[in-house]
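Trainee: First the structure, then my questions, so here it is.
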Amino acid sequence: LIAIAQNFQVPFSEMQDILESMNRLSNQFNVTNNDLLNGLARVGPLAKEVGLSLREINAITGTITGLTGRPGQEAGSSLKSIITSLATPTVQENLKTLFDIDVKDQTGELKDFSDLIGDLAIRFGELSKADRAQLLQIVGKKQQAARLAVVLNNFVLTQANYLRQLQDVNTVEEENER
C-alpha cells in the first residue's frame with residue numbers, strides 16, 4: 001500500500017478511501033482485493049503515466065479478472081502490454097490508417113488512456129468481425145488479444161466498475177461491524 005500511495009502521490013490519509021472503493025468493487029463484482037492490488041503492482045507506474053487513476057486501473061483489472069477468471073497480476077500485465085502497444089508508432093499508424101482511430105490529441109501527445117480506450121471501444125463496436133480480429137491482433141498481439149476484447153466489448157461494464165468505486169459508502173466499516 002505504501003508503494004501504491006507513493007507511486008500515485010496519494011496521501012496515506014486518503015488510502016482508506018481507496019481501500020473502501022476496492023472493497024466495494026470486490027463485493028459487487030467477481031474480483032478480490034488481492035487481485036486488484038496485484039494488478040496495480042504490475043501496471044501502476046506505467047498506467048499513471050498515461051493518465052489512469054487508481055480507480056480506473058481497478059475498474060479495468062476488475063473487468064478483465066471478473067470476466068476471464070484470470071488472476072489480477074495477469075490482468076495488470078495485460079493492461080501493461082496494451083498500453084505499451086498503443087504507444088508504438090507502428091500500432092498508432094495502423095490504427096489511424098486502417099480504422100480511422102487517432103491515438104493522439106490535437107497537440108500530438110498520446111491521449112489519456114481512459115479516453116483512448118473509450119474511442120477504441122466505440123470504434124470496435126462498429127467494425128465487422130474480420131476488422132475486429134485485425135484490430136485485436138494489431139493492438140493486443142496474440143498474447144493479449146483476448147483480454148483486450150474483454151475490455152473493448154465490456155467498456156460500459158468497466159465504466160460501471162469505476163463508478164461503483166466512487167459511491168460514497170463506508171463499506172470497510174460496514175464489513176468490520178459484521
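Trainee: Under a 1.4 angstrom probe, counting protein chains only, how are R42, R147 ranked by accessible area, largest first?
Mentor: I get R42, R147, largest accessible area first.
Trainee: Among the GluC sites (Glu not before Pro) in the stretch 74-175, which ones are in a DSSP loop with at most 11 other Cβ atoms within 10 Å of the Cβ? Mind listing them?
Mentor: Taking the stretch 74-175 and a limit of 11 other Cβ atoms within 10 Å, the loop GluC sites (Glu not before Pro) found are E109.
Trainee: Relative to the first principal axis of the alpha-carbon coordinates of the chain, what is the inclination of helix 129-153, with its axis defined by its Cα atoms, in degrees from 0 to 90 and to the nearest 10?
Mentor: 30 degrees
Trainee: Please give the helix 113-126 orientation as an angle from the longest Cα principal axis of the chain, in degrees from 0 to 90, rounded to the nearest 10.
Mentor: Relative to the chain, helix 113-126 is tipped by roughly 50 degrees.
Trainee: Moving on to the next point. Take the chain, compute every pairwise Cα distance, and split them into 5 Å bins from 0; I just need the percent in each bin.
Mentor: Cα pair-distance distribution for the chain, in percent: 1, 9, 18, 21, 19, 14, 9, 5, 2, 1, 0, 0.
Trainee: Determine the order of L116, L37, L67 by accessible area, beginning with the largest, at a probe radius of 1.4 Å.
Mentor: L67, L37, L116
Trainee: Across the stretch 34-178, how many lysine pairs, 8 or more positions apart or on different chains, have C-alpha atoms separated by under 14 Å? Please give the number.
Mentor: 5
Trainee: So what is the calculated 222 nm ellipticity per residue for the chain, using -39500 (n - 2.57) for each DSSP H run with n of 4 or more, over all residues, to the nearest 500 deg cm²/dmol?
Mentor: So the calculated ellipticity at 222 nm is -24500 deg cm²/dmol.
Trainee: Now for a different question. At each listed q (0.19, 0.25, 0.26, 0.30 Å⁻¹), what is the log10 of I(q)/I(0) that the Debye formula gives for the stretch 22-67 modelled as equal alpha-carbon point scatterers?
Mentor: The computed values of log10 I(q)/I(0) come out as -0.49, -0.81, -0.86, -1.08.
Trainee: Let me ask something else. Helix 72-86 sits at what angle to the longest principal axis of the chain, using alpha carbons and giving 0 to 90 degrees rounded to 10?
Mentor: 40 degrees
Trainee: Residue separation times 0.36 nm, minus the C-alpha to C-alpha distance between N30 and E126: what's the value?
Mentor: 31.7 nm
The values are calculated or read from the model by the stated rules, or taken from the named source; none is laboratory data. This one's a predicted model, so the numbers in the text were calculated from it and none came from an experiment. Ideal geometry is used to build each Cβ from the backbone, glycine not excepted, and the neighbour counts take in all protein chains shown. Each accessible area value is taken on the protein alone, full model and side chains, heavy atoms only, with ligands, DNA and RNA left out. Shrake-Rupley method; radii C 1.70, N 1.55, O 1.52, S 1.80 Å.
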